[in-house]
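Report on the following structure.
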Amino acid sequence: MPTTTDTPRFREGAGRLCLDFIRTLRYRGTSSASEELPDGAALATWVRQCGPCAPDDTVAPDPAQAARARELREAVHALVIAAVRTEDPASCGDTALRHLNRAAAAPVPVPALDASGRIRWRADDPVTATLALIARDALDLVTSAAITRVRECADPHCGALFLDGSRPGTRRWCSMGTCGNRAKKTTLRHKTARPVR
Ligand SMILES: [Zn+2]
């Protein structure tokens with residue numbers, strides 16, 4: 001019987017795999033920025049939660065792989081920010097492009113239909129393959145029309161990027177449950193604090 005009681009540890013729901021991945025540096029750009037991928041074990045846990053195929057947990061995580069993953073994450077962030085703010089994704093710089101292109105060149109997970117009719121994804125190295133998937137997702141995102149729907153969360157303490165799937169394209173917060181709710185409460189506080197004439 002499985003003994004794991006895994007509750008999701010990492011945030012998902014930004015609308016693209018590459019955008020969820022860059023949220024592993026939480027509160028980016030603020031004084032409370034926090035690193036959620038400090039080591040290979042954390043990276044393996046992220047891949048297990050968010051990727052299509054899980055790494056073998058009997059194999060010790062590789063610390064160098066975590067360092068490469070963080071480099072890739074910063075490259076993805078630089079790429080998406082460049083595309084959103086300047087409409088020129090390549091202006092993210094040569095170092096970022098090198099990390100992105102190198103990661104994207106690795107083999108990605110491959111699908112196979114099992115006897116029960118379900119797709120199973122597999123890769124010789126699930127961590128590297130998932131990083132390749134993230135890099136390819138980022139390259140696809142910044143060169144497609146979807147990039148016009150990528151927003152920076154309106155909460156200045158959040159730092160998240162998300163894909164705005166709303167019909168009018170006016171979504172402002174990465175999540176209504178957290179940042180949106182906080183903004184609403186602040187507005188309400190200001191309104192109720194106003195003196196009644
Ligand atoms: Zn937010």
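The values are calculated or read from the model by the stated rules, or taken from the named source; none is laboratory data. Since the model is a prediction, treat every value here as computed from it, not as a measurement. Note that we place each Cβ from the backbone using ideal geometry, even for glycine, and neighbour counts take in every protein chain shown. Quick note on the areas: whole protein, heavy atoms, side chains included, nothing else; ligands and nucleic acids left out. Shrake-Rupley method; radii C 1.70, N 1.55, O 1.52, S 1.80 Å.
Given the condition closer than 26 Å to ARG122 by Cβ, open to solvent by less than 60 Å² (accessible area, probe 1.4 Å), among the charged types (D, E, K, R) and under 13 Å from the mean Cα position of the chain (by Cα), answer yes or no: does some residue in the stretch 64-76 qualify?
Checked against the condition, which is being closer than 26 Å to ARG122 by Cβ, open to solvent by less than 60 Å² (accessible area, probe 1.4 Å), among the charged types (D, E, K, R) and under 13 Å from the mean Cα position of the chain (by Cα), the stretch 64-76 yields at least one hit.
Would you confirm, using the coordinates I've provided, whether THR95 is surrounded by 10 or more Cβ atoms within 10 Å (Cβ to Cβ), more than 16 Å from the ligand (Cβ to nearest atom), among the β-branched types (Val, Ile, Thr) and in a helix (DSSP H, G or I)?
Numbers: surrounded by 10 or more Cβ atoms within 10 Å (Cβ to Cβ): yes; more than 16 Å from the ligand (Cβ to nearest atom): yes; among the β-branched types (Val, Ile, Thr): yes; in a helix (DSSP H, G or I): yes.
Criteria met by THR95.
Is there a residue being away from the ligand (no atom under 16 Å from the Cβ), crowded, with 21+ Cβ neighbours inside 10 Å and either assigned to a loop (DSSP other than H, G, I, E, B) or without any contact (Cβ under 8 Å) to a residue 60 or more places away in the chain (or both) anywhere in the stretch 81-91?
From the stretch 81-91, those away from the ligand (no atom under 16 Å from the Cβ) are 82-83, 85-91; that's our starting set.
This time we only want the ones that are crowded, with 21+ Cβ neighbours inside 10 Å, so: 83, 89.
Keeping just the survivors that are either assigned to a loop (DSSP other than H, G, I, E, B) or without any contact (Cβ under 8 Å) to a residue 60 or more places away in the chain (or both) gives 89.
Yes - at least one qualifying residue is present in the stretch 81-91.
Give me the residue from the stretch 120-144 that is farther than 30 Å from PRO61 by Cα and open to solvent by less than 80 Å² (accessible area, probe 1.4 Å) and, out of that set, nearest to the ligand (Cβ to nearest atom).
By that ranking, first place goes to VAL142.
Under the condition of being surrounded by 10 or more Cβ atoms within 10 Å (Cβ to Cβ) and among the hydroxyl-bearing types (Ser, Thr, Tyr), which residue from the stretch 167-186 is modelled with the lowest pLDDT?
The qualifying residue modelled with the lowest pLDDT is THR186.
Do you know which residues across the stretch 18-35 are surrounded by 11 or more Cβ atoms within 10 Å (Cβ to Cβ) and either free of Cβ contacts under 8 Å to residues at least 40 places away in the same chain or not in a loop (DSSP other than H, G, I, E, B) (or both)?
Taking the stretch 18-35 first, the residues surrounded by 11 or more Cβ atoms within 10 Å (Cβ to Cβ) are 18-30, 33-35.
Of everything in the stretch 18-35, those that are surrounded by 11 or more Cβ atoms within 10 Å (Cβ to Cβ) and either free of Cβ contacts under 8 Å to residues at least 40 places away in the same chain or not in a loop (DSSP other than H, G, I, E, B) (or both) turn out to be CYS18, LEU19, ASP20, PHE21, ILE22, LEU25, ARG26, SER34, GLU35.
Tell me, which residue of the stretch 159-176 that is within 12 Å of the ligand (Cβ to nearest atom), among the aliphatic types (A, V, I, L, M) and not in a loop (DSSP other than H, G, I, E, B) is nearest to the chain's Cα centre (by Cα)?
Residue satisfying both the conditions and the ranking: LEU161.
Got at least one residue in the stretch 154-163 being open to solvent by 50 Å² or more (accessible area, probe 1.4 Å) and free of Cβ contacts under 8 Å to residues at least 60 places away in the same chain?
Quick first cut of the stretch 154-163, residues open to solvent by 50 Å² or more (accessible area, probe 1.4 Å) only: 156-157.
Filter once more, keeping what is free of Cβ contacts under 8 Å to residues at least 60 places away in the same chain: none.
No: the stretch 154-163 contains no residue that is open to solvent by 50 Å² or more (accessible area, probe 1.4 Å) and free of Cβ contacts under 8 Å to residues at least 60 places away in the same chain.
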